[in-house]
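Here's the structure we're looking at; comments come further down.
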Amino acid sequence: MLAELERLYQQALAELEAITDSVALDAWRIAHLGRKAPLMQAFGRMREIPPEERPQVGRRINELRDALQAAYEARAEALRQAELARALQEERLDVTLPGRPRPYGRLHPTTQTIRDIVGIFQSMGFQVFQSREVETDEYNFQLLNIPPHHPARDMQDTFYVATPGVDEDETPPVVLRTHTSPGQIHAMRHYAAQDPENPPPIRVVLPGMVFRYEQITARSEIQFTQVEGLAVGRHITFSDLKGTLTEWARRMFGPGARTRFRPSYFPFTEPSVEMDVECFLCGGKGCSVCKHTGWLEVLGAGMVHPVVLRNGGYDPERYSGFAFGMGPERITMLRHGIQDIRHFWRNDVRFLEQF
Amino acid sequence: MKVPLSWLKDYVDIPLSVEDLANLLTSLGLEVEAVRYVGLPMPPADARLDFKTSGLAWDPDKIVVAEVREVLPHPNADRLVLARVYDGQAEHQVVTGAPNLFAYKGQGSLDPPLKVAYAREGAVLLDPYNPGGTLRLKRRKIRGVESYSMVCSEKELGISDEHEGIILLDADAPTGVPLADYMGDAVFDIAITPNMARALGILGVAREVAAALGAPLRVPDTAVVMEGPPIEGRAEVRITDPDANPRFAVGLIEDVTLGPSPYEVQRRLKLAGMRPINNIVDATNYVMLEWGEPLHAFDYDILVERAGGQAPTIITRRARPGERLTTLDGEERVLPPYAVLVTDTAGPLSIAGVMGGAESEVRPTTRRVLLEAAVWDPITIRRVSKALKLTTEAAYRYQRGVHPALVEPALLRALELMRRWSGGTVAQGIVDRYPKPQRDPVNRFRPADIRRLLGLDLTATEIANLLRRLEFRVTVHDDGTIEAQTPPHRLDIGEGVVGIADLAEEIARLYGYDRIPATRLADELPPYLGLERARREDRIKDALVVLGLQEVITYRLTAPEREARATVAGEPRPDSEYVRLVNPIAHDRRVLRQTLLPNLLEVAERNARFVARQALFEWGPVFLPREEGLLPDEPQRLALLLTGPREDDFWAGAAAEAMDFYDLKGVLETLARALHLPQPLRFEPGEHPSMHPGKTARVLLGDKVLGHLGELHPQVKARYDFGPAAVLVAELDGCALRDALPDRFTLRPVPQFPPVIEDLAFVVDETVPAAAVEDAIRAGGGAYLRAVTLFDVYRGQNIGAGKKSLAYRVAYQAPDRTLSDKDAARIRKKIVKRVAREVGGVLRG
């Protein structure tokens, strides 16, 4: 009997070797390890063996059963691995096919640049102050030390608003603001109202849309944004102006950004300056963007004119301050190599989606 | 202003290169925009310069002063001559067609010879027939006569566009000397800011350069040889309005012979941008360019004639109603009543400070000249110049301010130049009326005042020395105060606190902006005033971006027709109902917008050609005229637009459906949640002039109407170039939305116990709005009702015509325990009752 069992065992192993799918494997397990399998039945046939041989044969049957069980498990695992490998192979993707497009919103490039500019000043303690776009001549010009017929009015071509009852030959009293500077007066008066005898210090930035009577060309627009800034206090100096704006330029254009200051003229500041930043595209070597000068004109600034301080409710004998103004579209154009300012309000998606 | 270097050097020694001088001028606030090289060496093409360059460098070996010794006929051409030219080394034969040599043809040897600019073989000149190009002189034959060099016109040398004749230099030009050494020049084009009016004369520019260099200024000599009979009794001046005309002076020169000015004078005038006329007019222009004080020359004999043979009296006064004058450009002009005139007893002679009259101007036959030097009120000049659209060199200077102290030296200087150039005799004395003397401010201050403004620690002596370089008369007192007397050529220095700021600027400028230290703000931080507007607007924009929308910014200026195009009626409102421009740049940008939708539609229309799917928003003001007050309201609006497929095309699966009303509604609902609005938005059927009447919702927050949401009306859509997909638009009151944003919000507890979830479908009449059903479910469900989500809307025969079934997934949840089936059944019963009572809904089995 033992010899027959050994044969059956060898035969089962041989069959197991040939099995390649789980159905056949299951059939094999029933045939060789199931209750009716010859090896399992062998325990029932122990009576046919002399009693003294029984322990030895019984041991041997157990060994053969365990061996077959182990062989079965090994085979089952091998088959599972093979099937997994096949399945993984079949599920393989073309990873080069395009991904599913996700809708993606963006801020307008002007908004993005304004946020960059304003964010830096906010971290220096400046607060955002907004004011109106249609202004009186008084706020847009006169309170900023630009009286009627001042030659500085030639520097800003103005859109005038029709006002009922005002003869069209006269200079109309309402304009589209030509700069964000009227916001300086609004801000000073707002702050001064807190304590007119001892007005508090001011640090504000005033982003907003301004308007100029211009032809619309690649270089000039009828509307563009400005970010104005104003700091007023009892101890604010021209050297603070230089330090603050130099620090802003480093944070805006990179820690190595160099600046230079040139005298300029604005009726509402004195002394007035223009600040250039070393061209960040060519590193100052000269390129088409900086027109081979190595420098980019970035902003105008100056110490707030005493007349303007006084018009804002601040005594120029006790207070001083600086103001600055810059053009976010111009800075955006410089940073991204944009040649034509008309892109900004045309809102072509092929322009906008690149930001 | 155009400043020739040679002219500038008359008044100050400048040991700097052209480029360094340009940089110095810019650092002084005299911004050099361009330099035109007229003979001097040019910088290399790759030089890093802050100004534009143009022009021509004259090769010192190849372009020299030479003399024409004889002019001979050309053997084969009547319109050409042969010039025998000596260039300091040898004689050459030059073929030329210069008409101004023809007069000398066949006159034999010329004594003295004619001095010319001579270009040798190989010289590089500007090509007169190819603007911007150059040419190199080569040996060739002209009508059978060999030619290898030329006598130059101004055009070939880049002096002017004059190409009719060759340059005839002044007789003292040194033969054989390189022309660049003799008259090589560079012209600085300086942008003069309004505060720099004192630099509207080359002497003024020189004064700034001298101050910067610490070099002495050579002021031109104003001594005049006056050998004629006295002017007294031969001309009188009467000023009727000293505010309009603070000073007026005249001088007289007799026996003048009008003719061309010396070549050097003509060259300088041309480089400075003026046209030489004759020796008298040129003298007035030359002195104006030198001092910045405009002058005017009258034909004295005409004045005498107008005075009936008597000595003329010049009267300055305002124009009379309807008064007219023919100006020297030949135009007859009606003078505005605020214009100031120079008149005599017979009527107007010239428009003061703007332009002279035709009748009394000097002409080739003029023998006696009455020369005027005056100062006028800047505002008057500006108004007249604008009204008459007359921009002259004189008006340009007067409207920026000319110091009255310049009247006398300029008058004397011009009389002397006229005498030298025209051979006349100057009458002794001048008539000078100065009823309103200029008071030059004296400012008293301390070094601390300068430190307070500049952050720069200078001693009183240092400050005094800087100001003295600018010709301020400065005294440093024992108590440390500084007293600075403004020099009598400046009108830009004020008094008191303004004067100190003006002086601080002068000190900073001369000290050098780049040498002033850079410091961090050390001043006290300002109080926080709750300026939250911008931050709230940013939150709204950010939420919309997260929702996948692209921000756009459009023009504030539009036209009523453009706005009408976006309405069903299409009827533009009158301009008078808008904020309207007096001076629009274009007819279709003449008013300020009152809605954002039309602009958004125009943007989407343009982009529809390139992309199918668009999701846009704009945040910005509209401009609404008010009954009272000058200024309009400028409320903020938020406009949104969706169109095209819900998703962009993808290679797997079917194309996405087009977005509809509920896509945009979903954006608004999610926006409201993202912004933590205190309550959900409500949507009611609404009407809007741009929207589909059946697909429009009024959007409410509480009882406040925020705006409208809807599908664009098909008739409106047809006016734009859109594809078949629906266009969804919304326009909301941005201020109301912004002001509704809470400063903080409180979290509900996160549930600890699981919800019971069940589906309830109710059959209701078609006319019942879904919102009413949901309201009833919520009311019935009470506190344990956690969520209600509509997941299906069904219509079909089995529920009957005119009915619809709304299927909701509802969740019940208690904060403190797990709800049992019995609890759920109780809640469900209440809901079913409530829905039946309020909207007649029946639970589907």
Could you tell me whether region B:522-534 includes any residue that is at the interface with another protein chain (Cβ under 7 Å from one of its Cβ atoms), assigned to a helix (DSSP H, G or I) and surrounded by fewer than 16 Cβ atoms within 10 Å (Cβ to Cβ)? yes
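Give me the strands (runs of 3 or more DSSP E) completely within region B:324-438, filtered to those with at least 2 residues that are modelled with pLDDT of 95 or more and surrounded by 24 or more Cβ atoms within 10 Å (Cβ to Cβ), ordered by residue number. Even if it seems obvious, please write down each step before you answer.
Values: elements: B:324-326, B:332-334, B:340-344, B:347-351, B:369-375, B:431-433.
Strands (runs of 3 or more DSSP E) meeting the threshold: B:340-344, B:347-351, B:369-375.
Looking only at strands (runs of 3 or more DSSP E) that fall completely inside region B:219-305, which ones have 3 or more residues that are over 21 Å from B:Ala427 (Cα atoms), of a type outside the set (Gly, Ala, Ser) and in contact (Cβ under 8 Å) with a residue 12 or more places away in the chain? Lay out the reasoning, then the answer.
Values: elements: B:236-239, B:247-254, B:295-299.
Output list is empty.
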Residues being in a loop (DSSP other than H, G, I, E, B) and either under 17 Å from B:Val498 (Cβ atoms) or in contact (Cβ under 8 Å) with a residue 12 or more places away in the chain (or both) - total across region B:447-471: 6
Within region B:609-632, which residues are more than 10 Å from every other protein chain (Cβ to nearest Cβ), farther than 15 Å from B:Ala566 by Cβ and aliphatic (A, V, I, L, M)? B:Ala612, B:Leu624
Test B:Ala564 against the stated conditions and say whether it is within 8 Å of another protein chain (Cβ to nearest Cβ), over 22 Å from B:Ala736 (Cβ atoms) and of a type in the set (Gly, Ala, Ser). no
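Quick one: is A:Phe268 surrounded by fewer than 22 Cβ atoms within 10 Å (Cβ to Cβ) and more than 9 Å from chain B (Cβ to nearest Cβ)? Walk me through it before giving the result.
On the way: surrounded by fewer than 22 Cβ atoms within 10 Å (Cβ to Cβ): no; more than 9 Å from chain B (Cβ to nearest Cβ): yes.
The answer is no for A:Phe268.
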What is the residue count in region B:569-598 for residues that are crowded, with 17+ Cβ neighbours inside 10 Å, of a type in the set (A, V, I, L, M, F, W, C) and more than 9 Å from every other protein chain (Cβ to nearest Cβ)? 3
Please specify each residue of region A:170-200 satisfying the condition of being assigned to a loop (DSSP other than H, G, I, E, B), facing chain B (nearest Cβ under 9 Å) and farther than 24 Å from A:Val128 by Cα. A:Pro172, A:Pro173
Any residue at all in region B:571-580 that's at pLDDT below 95 and among the aromatic types (Phe, Trp, Tyr)? no
From B:Gly686, B:Gly702, B:Gly644, residue being away from chain A (no Cβ under 14 Å) and either surrounded by 15 or more Cβ atoms within 10 Å (Cβ to Cβ) or within 19 Å of A:Tyr104 (Cβ to Cβ) (or both): B:Gly686
By residue number, the members of region B:1-51 that are among the aromatic types (Phe, Trp, Tyr), assigned to a loop (DSSP other than H, G, I, E, B) and more than 10 Å from chain A (Cβ to nearest Cβ) are B:Tyr11
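Inside region B:592-626, can you point out the residues that are in a strand (DSSP E or B) and either touching a Pro at 6+ places or on another chain (Cβ under 6 Å) or at pLDDT below 95 (or both)? Spell out the reasoning first.
So in region B:592-626, the residues in a strand (DSSP E or B) come out as B:592, B:614-621, B:624.
Scanning region B:592-626 gives a single hit, B:Leu624.
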What is the number of the single condition among (1) touching a Gly at 6+ places or on another chain (Cβ under 7 Å); (2) surrounded by fewer than 15 Cβ atoms within 10 Å (Cβ to Cβ) that B:Val764 does not meet? (2)
Exactly one condition in (1) more than 9 Å from chain B (Cβ to nearest Cβ); (2) farther than 30 Å from B:Arg589 by Cα; (3) charged (D, E, K, R); (4) touching a helix residue (DSSP H, G or I) at 6+ places or on another chain (Cβ under 8 Å) is not met by A:Glu278; state its number. (4)
Of the residues in region B:491-518, those that are buried (at least 18 other Cβ atoms within 10 Å of the Cβ), at the interface with another protein chain (Cβ under 9 Å from one of its Cβ atoms) and in a loop (DSSP other than H, G, I, E, B) come to B:Gly494, B:Ile516, B:Ala518
Could you figure out which of (1) more than 14 Å from chain A (Cβ to nearest Cβ); (2) in contact (Cβ under 8 Å) with a residue 60 or more places away in the chain; (3) not hydroxyl-bearing (Ser, Thr, Tyr) isn't true of B:Ile482? (2)
Checking A:Val304 against (1) within 20 Å of A:Asn140 (Cα to Cα); (2) of a type in the set (A, V, I, L, M, F, W, C); (3) touching a Lys or Arg at 6+ places or on another chain (Cβ under 8 Å): exactly one of these is not met. Which one? (3)
In this structure, does A:Arg203 turn out to be within 9 Å of chain B (Cβ to nearest Cβ), more than 24 Å from A:Ser272 (Cβ to Cβ) and not acidic (Asp, Glu)? no
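The values are calculated or read from the model by the stated rules, or taken from the named source; none is laboratory data. As the structure is a prediction and not an experimental result, all values here were calculated from the model. Positions of Cβ are backbone-derived with ideal geometry, glycine not excepted, and every protein chain shown enters the neighbour counts.
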